[in-house]
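I have placed the structure first, in the form of structure tokens, so that the comments after it can refer back to it.
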Amino acid sequence: MNDLPDAPWIRDAEINGMPEEPAPVCPICGEETERYYLDGAGDIIGCESCVSSIDAYDYTQTHKED
């Protein structure tokens, strides 16, 4: 059999384990996030740190003149 040594990155992974994936970051506010919020076109508008929501009925009642 041919006993070729493993590539250096394979030996490093065997010794140290696989590197962790970096946490996703919001392109709008820069915070680490678990969820992106999208607009109707599928573009990211923010994350749970920079986007909030309000009940539609409550908004309508407080913004009747709009």
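The values are calculated or read from the model by the stated rules, or taken from the named source; none is laboratory data. A quick note: this is a predicted structure, and the numbers were derived from the prediction, not measured. Using ideal geometry, Cβ is built from the backbone for each residue, glycine included, and neighbour counts are taken over all protein chains shown. The accessibility values were calculated without ligands, DNA or RNA, using every heavy atom of the protein model including side chains. Shrake-Rupley method; radii C 1.70, N 1.55, O 1.52, S 1.80 Å.
Could you list, in sequence order, the residues of region 33-47 that are open to solvent by 80 Å² or more (accessible area, probe 1.4 Å) and farther than 16 Å from A23 by Cβ?
Restricting attention to region 33-47, the residues satisfying the condition of being open to solvent by 80 Å² or more (accessible area, probe 1.4 Å) are 34-38, 40-41, 43, 45.
Once the filter is applied, which keeps residues that are open to solvent by 80 Å² or more (accessible area, probe 1.4 Å) and farther than 16 Å from A23 by Cβ, region 33-47 yields Y37, L38, G40, A41, D43, I45.
Name the one entry in I54, I28 that is in a loop (DSSP other than H, G, I, E, B) and surrounded by 13 or more Cβ atoms within 10 Å (Cβ to Cβ).
I28
Can you name every residue in region 15-25 that is of a type in the set (A, V, I, L, M, F, W, C) and either open to solvent by less than 100 Å² (accessible area, probe 1.4 Å) or in contact with an Asp or Glu (Cβ under 6 Å, 6 or more places away or on another chain) (or both)?
Listed by number, the residues that qualify are A23, V25.
Which pairs do you get when a residue that is free of Cβ contacts under 8 Å to residues at least 24 places away in the same chain, found in region 45-66, comes within reach of a residue that is of a type outside the set (V, I, T) and exposed (fewer than 10 other Cβ atoms within 10 Å of the Cβ), reach meaning Cβ atoms under 7 angstrom, with the pair 6+ apart or on two chains?
Close Cβ pairs (under 7 Å, with a partner that is of a type outside the set (V, I, T) and exposed (fewer than 10 other Cβ atoms within 10 Å of the Cβ)) amount to I45/D39.
Report yes if some residue within region 5-14 is open to solvent by 100 Å² or more (accessible area, probe 1.4 Å) and either part of a strand (DSSP E or B) or aliphatic (A, V, I, L, M) (or both); otherwise report no. Spell out the reasoning first.
Narrowing region 5-14 to residues open to solvent by 100 Å² or more (accessible area, probe 1.4 Å): 5, 9, 11, 14.
Next cut, either part of a strand (DSSP E or B) or aliphatic (A, V, I, L, M) (or both) only: none.
So far as region 5-14 goes, no, none of its residues is open to solvent by 100 Å² or more (accessible area, probe 1.4 Å) and either part of a strand (DSSP E or B) or aliphatic (A, V, I, L, M) (or both).
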